[in-house]
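Comments concern the structure below.
The values are calculated or read from the model by the stated rules, or taken from the named source; none is laboratory data. These figures come from a predicted structure and were not determined experimentally. Glycine also receives a Cβ, built like all others from the backbone with ideal geometry; neighbour counts cover every protein chain displayed. Surface areas here come from the heavy atoms of the whole protein model, side chains and all, with no ligands, DNA or RNA. Shrake-Rupley method; radii C 1.70, N 1.55, O 1.52, S 1.80 Å.
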Amino acid sequence: MTDATDTTDTTDASGTGGAGGTGGATWVLVLNSGSSSVKYQLLDMAGERRLASGVVERIGEEGGVADHAEALRQASAELKERGLGLDSPALAAVGHRVVHGGTRFTEPTVVTDEVLAEIEKLVPLAPLHNPANITGIKVARELRPDLTQVAVFDTAFHSTIPEAAARYAIDTSVADRFGIRRYGFHGTSHAYVSAATAALLGRDPAQVNVIVLHLGNGASASAVRGGVCVDTSMGLTPLEGLVMGTRSGDIDPAVVFHLERVGGMSTDEIDTLLNKRSGLLGLCGANDMREIGRRMGEGDEAARLAFDVYVHRLRRYVGAFTAVLGRVDAIAFTAGVGENSAAVRVAALDGLEALGIHVDPVRNAVRGSGPRLISADGSPVAVAVVPTDEELAIARDTYALARA
Ligand code: AMP
């Protein structure tokens, strides 16, 4: 199924001027290839206008398209119908979201055969994600071999995390042999939102310390000092850290041994339990914060417990990252829950006046679509809601490399 939204303008236009190495072409196609879906957005980087976006779902499933190649052809046909064909000379480059860059990729990177081979080597670190990303890149290269293709890594922004925060306290030789360390994810969002938060405050990002709380179906926190990430809640995989829609976040690793030895569960069963049947879903049977809010209103105790566990974990990370940063200038909420749930925001920060955090309940309750402050005037720590835009961030990185 393809669903192309109407043409909309993105929030800020940075006046990118001429198109240097792209021969005047200014469009960028952003592809986010998942295991069973391909999300796409076409942007005109002259003015940063969103031309079209859509998603092809149920790849390889009944009623869906056969594979990623077919999905991209369908997206391409959809765009063509709207007069935005991928054969257009206006298309300058394709940007791909790639989940795991390991320690090899710390920056957006132009895809070559060598780069693709390196990304393939990282599959053991992200067996659910990188293969689909790789397929997306291959198919797009076949479709337009003449175009610059850029890989933008979800881990890259976190590559600056110091060893003290990135290392697990396990045998170093074992860790190094298997690439076990904290990589972090959602990096494109954390980079975009921390910069947008500094902009909202009217301050130089290099001078601002921000805690970013990316609360979507997946959720992660990061501590950003002067534009540089110094800690994040996700680890080797996106399972660590905050309570998420279906993922447990932090647990005692001995839970796994216990489930194996006492529960008789297999590694795959435990993997599925912790990634797909835990988090909010595991606690109350629902992973959508809207439904949890409704059920709490009806006095549902499981929903209340799920909310409380979710919020408790969030507060722990706010406290921890306050200590990591020493001085916090702003806390930014983003993604589906962070942008929309006033209840989560207020519960997470309630009673933290001693940390300089004062949320204004009226500002918090007002719905809006743009970046906005929800802290009280004079709050030493600014609290903000800053909508994320990973596609725009990927498009900017891609266009910059295509023009270089
Ligand atoms: P994302 O992964 O960023 O798309 O976020 C998806 C999640 O955002 C959903 O699973 C919901 O739990 C949550 N969400 C979306 N809209 C709302 C809303 N109006 N209120 C509370 N939660 C919301």
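Rolling a 1.4 angstrom probe over the protein chains, ignoring ligands and nucleic acids, what is the accessible area of Ser278 in square angstrom, nearest 10?
20 Å²
For the chain, with a Gaussian network of springs between Cα atoms less than 10 Å apart, report the residue from Gly297, Gly218, Gly336 with the top mean-square fluctuation.
Judging by the Gaussian network model, the answer is Gly297.
Over the heavy atoms of Arg49, what accessible area does a 1.4 Å probe trace out, to the nearest 10 Å²?
90 Å²
Residue by residue through region 210-215, which ³J(HN,Hα) values in whole Hz follow from phi under the Karplus form 6.51 cos²θ - 1.76 cosθ + 1.60 (θ = phi - 60°), with glycine and proline marked x?
10, 9, 9, 10, 8, 10
Considering all alpha-carbon pairs of the chain, what whole percent are spaced by more than 29 angstrom?
Above the 29 Å cut-off, the chain has 46 percent of its Cα pairs.
If the cut-off is 14 Å between C-alpha atoms, which aspartates and glutamates fall inside it for Lys276, apart from same-chain ones fewer than 8 positions away?
Glu240, Asp268, Asp288
Work out how much length Leu128 to Ala175 would gain on full extension: take 0.36 nm times their residue separation and subtract the Cα-Cα distance, in nm to one decimal.
Contour length minus Cα-Cα distance gives 14.8 nm.
Using only protein heavy atoms and a 1.4 Å probe, report how much of Leu349 is accessible, in Å² to the nearest 10.
Leu349 has an accessible surface of roughly 0 Å² with all protein chains in place.
Largest first, what is the accessible-area ranking of Lys39, Lys121 with a 1.4 Å probe?
Largest accessible area first, the residues go Lys121, Lys39.
Can you give the percent of C-alpha pairs in region 178-283 whose distance is more than 24 Å?
Within region 178-283, distances greater than 24 Å cover 35 percent of Cα pairs.
Under a 10 Å cutoff between Cα atoms, tell me which one of Thr26, Thr267, Thr237 has the largest fluctuation in the Gaussian network model of the chain.
With Cα springs under 10 Å in the chain, the top fluctuation among Thr26, Thr267, Thr237 is at Thr267.
Going by a ≥ b ≥ c, the root eigenvalues of the Cα gyration tensor, does region 247-357 fall in the rounded group (a/c under 1.5), the prolate group (a/b larger than b/c) or the oblate group?
Verdict is oblate for region 247-357.
Could you sort Phe257, Phe321 by accessible area so the largest value comes first, with the probe set to 1.4 Å?
Accessible-area ranking of Phe257, Phe321, largest first: Phe257, Phe321.
Based on the alpha-carbon gyration tensor of region 32-191 and its eigenvalue square roots a ≥ b ≥ c, which shape applies: rounded if a/c is under 1.5, prolate if not and a/b is larger than b/c, or oblate?
prolate
What's the longest uninterrupted piece of the chain once you rule out the GluC sites (Glu not before Pro) that are loop residues per DSSP with at most 14 other Cβ within 10 Å?
Formally, the longest exposed-site-free interval is 63-297.
Just to be sure I understand the model, the point goes 7 Å from the Cα along the line to the Cβ. What's the resulting Glu118 to Ala206 distance in nm?
In this crude label model, Glu118 to Ala206 measures out at 2.7 nm.
Roughly what % antiparallel, to the nearest 5, for the DSSP beta bridges in the chain?
The antiparallel fraction comes to roughly 60 percent.
Working with all protein chains in place, sort Thr188, Thr148 by solvent-accessible area computed with a 1.4 Å probe, largest first.
From most accessible down to least: Thr148, Thr188.
When the accessible area of the chain is computed with all protein chains present and a 1.4 Å probe, what percentage of it is carbon and sulfur?
53 percent
Among the helices of the chain (complete DSSP H runs), which have Cα atoms covering no less than 18 Å along the helix axis and a Kyte-Doolittle mean of at least 0.5?
Once both thresholds are applied, what remains is 187-200.
Please work out how much length the chain gains when fully extended from Thr272 to Val366, using 0.36 nm per residue of separation minus the C-alpha to C-alpha distance, in nm with one decimal.
30.1 nm
Would you calculate a helix-derived [θ] at 222 nm for the chain, using -39,500 (n - 2.57) for each DSSP H run of n ≥ 4 and dividing by the full residue count, to the nearest 500?
Using -39500 (n - 2.57) per qualifying helix, the result is -11000 deg cm²/dmol.
At 1.4 Å probe size, with every protein chain present, just tell me what the per residue accessible area of the chain comes to in Å².
Each residue of the chain exposes 44 Å² on average to a 1.4 Å probe.
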